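Novice: Sending over a structure as structure tokens; questions will come in a sec.
The values are calculated or read from the model by the stated rules, or taken from the named source; none is laboratory data. Since the model is a prediction, treat every value here as computed from it, not as a measurement. Counting neighbours? That spans all protein chains shown, and the Cβs are built from the backbone with ideal geometry, glycine included. The protein model used for the area step is the full one, side chains on, heavy atoms only, and it has no ligands, DNA or RNA in it. Shrake-Rupley method; radii C 1.70, N 1.55, O 1.52, S 1.80 Å.
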Amino acid sequence: MAGNPQTAKGEHARSGSYAGARSLWLGLLAVMMLVPVTLPVPVLRDLVHQRFGVSEFLTSLFMSINMVGAVFAAPLAGAAADRLGRRRDLIAAALAADGVLLFALTLPVPFAVFLGLRFLEGCAHITALSLLLSLAANSQVPERRGRIMGLVGGGITLGVAIGAPIGGAIGSRDPLVPLYAGAALVAAAALLARFVLTDVDGDGQRPSGAQILRGILNNRLLLAPLAFAFADRFTVGFYTTTFSLYLSRILELSSAGIGLMMAAFMLPFALFSLPFGLLAERHSKVAMLCAGSVFYGVATASLTWWSAPALPVLMGLLGISAAVMFVPSLVVTTDAAPIEIRGTALAAFNAAGSLGFIVGPLTGGLVSQAVAARTDWLTGYRTAFLVAGASELLCVALALPFLLRLVRRGITR
């Protein structure tokens, strides 16, 4: 458990290789990994809907199918890292594969093949991201974990934030350009990872597959932060797909305008991740997680009632509340997991989030389309975002008792 003296001693021994400015490499790699995630969002209609002549539901599927791969790949990647170590080499290999697959998405292939490539791309992406989070969590002692997870979490959200406006700018004439750019960026990240990262697991005995499985099954309170990972990414799925379609259909924004609206959400999310990570080292992570989630849920439910000029203000507030809850959820996951299975636990965190991201765009597309068929598109989008906001509030209500048990046991605070 988190309070095990031998575990703490081992963590202190391993934390020196990413001291000071060297930890910035972790944040930079997180940025480079995540930019390609939202590069295609502003051109989604042209990239999928118009290019293949498919429905809005199948357009939404493009943003979900790679997360199906992630659900399968993340636990395997985490267990492999805990079993084998060598996170640096695994990260570099996964990023190289991701670059090849992103390029393959630009080829003239049938829609079914296109989705299959997207599935494999999700496997490669989540493998690299899960292992980077695991390496970061093991690189610092528990007392300093908030800042390193805030740094990497900020890098993740900054990459997502700048990806959307860049994608809108470079994809305005050719929707394939964001995919070319994403492929080149993750290929560069693969080279960087190979030469700047250092494994921090030492030469200790690696747990067996059976020990890893037992460790996960014996730490059932891990389900609490995993529930937040699911709910948070469920709602993000609405923002990356349903929200983009809402902005183009109802508010008639251009691709560049959609990218800027997404940036109004993601940039505050990125910029406040590190400060809230530092705050989580001194204050209750559980209180931050729940308070941020309640505000985020209420604001999400109200989104489609805001006028176009006022909407950027709401998006900024949503981004700040997302930072309040995201970094504490990462840190609570690392607190609840023994170091021997921390890679698997963080991979499970990503898998839960990926599952949420699968269901989110599909739910948003189904709800908005079904309601619009009976009424109109504005009512359809309003109903969809009411569902998204309510899901976040429900998560707080269901997970809070389990989080409080973690606090009472001294595992987190």
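Novice: Given the criteria in contact with a Lys or Arg (Cβ under 6 Å, 6 or more places away or on another chain), open to solvent by less than 30 Å² (accessible area, probe 1.4 Å), of a type outside the set (Phe, Trp, Tyr) and at pLDDT below 95, does VAL196 qualify? Explain how you work it out, then say what you get.
Specialist: Details: in contact with a Lys or Arg (Cβ under 6 Å, 6 or more places away or on another chain): no; open to solvent by less than 30 Å² (accessible area, probe 1.4 Å): yes; of a type outside the set (Phe, Trp, Tyr): yes; at pLDDT below 95: yes.
Against the criterion (in contact with a Lys or Arg (Cβ under 6 Å, 6 or more places away or on another chain), open to solvent by less than 30 Å² (accessible area, probe 1.4 Å), of a type outside the set (Phe, Trp, Tyr) and at pLDDT below 95), VAL196 does not qualify.
Novice: What about ALA93, is it small (Gly, Ala, Ser), touching a helix residue (DSSP H, G or I) at 6+ places or on another chain (Cβ under 7 Å) and either surrounded by fewer than 19 Cβ atoms within 10 Å (Cβ to Cβ) or without any contact (Cβ under 8 Å) to a residue 40 or more places away in the chain (or both)?
Specialist: no
Novice: Please list, ordered by first then second residue, the pairs with beta carbon atoms under 8 Å, 6 or more apart or interchain, first in the range 178-192 and more than 9 Å from PRO36 (Cβ to Cβ), second open to solvent by less than 50 Å² (accessible area, probe 1.4 Å) and not in a helix (DSSP H, G or I).
Specialist: From the range 178-192, the pairs are TYR180/THR106.
Novice: Then there is this: Taking the range 51-71 only, how many residues are aromatic (Phe, Trp, Tyr) and in contact (Cβ under 8 Å) with a residue 60 or more places away in the chain?
Specialist: 2
Novice: Restricting to the range 381-402, what's the tally of residues that are open to solvent by less than 60 Å² (accessible area, probe 1.4 Å) and free of Cβ contacts under 8 Å to residues at least 24 places away in the same chain?
Specialist: 1
Novice: Take the residues in the range 152-178 that are over 14 Å from LEU267 (Cα atoms) and of a type in the set (A, V, I, L, M), then tell me which one is least open to solvent (accessible area, probe 1.4 Å).
Specialist: Checked the range 152-178; the qualifying residue least open to solvent (accessible area, probe 1.4 Å) is VAL152.
Novice: Across the range 218-258, what is the total count of residues that are within 27 Å of LEU47 (Cβ to Cβ) and not in a helix (DSSP H, G or I)?
Specialist: Of the residues in that region, 5 qualify.
Novice: Among LEU279, LEU346, which is the only one that is part of a helix (DSSP H, G or I), at negative phi and open to solvent by 20 Å² or more (accessible area, probe 1.4 Å)?
Specialist: From the options LEU279, LEU346, the qualifying one is LEU279.
Novice: Can you tell which of PHE272, PHE295, PHE326 is of a type in the set (Phe, Trp, Tyr) and buried (at least 24 other Cβ atoms within 10 Å of the Cβ)?
Specialist: When all the criteria are applied, what remains is PHE326.
Novice: Of all the residues that make up the range 298-323, how many are touching a residue at least 40 places away in the same chain (Cβ under 8 Å), small (Gly, Ala, Ser) and open to solvent by 30 Å² or more (accessible area, probe 1.4 Å)?
Specialist: Residues in the range 298-323 being touching a residue at least 40 places away in the same chain (Cβ under 8 Å), small (Gly, Ala, Ser) and open to solvent by 30 Å² or more (accessible area, probe 1.4 Å): 2 in total.
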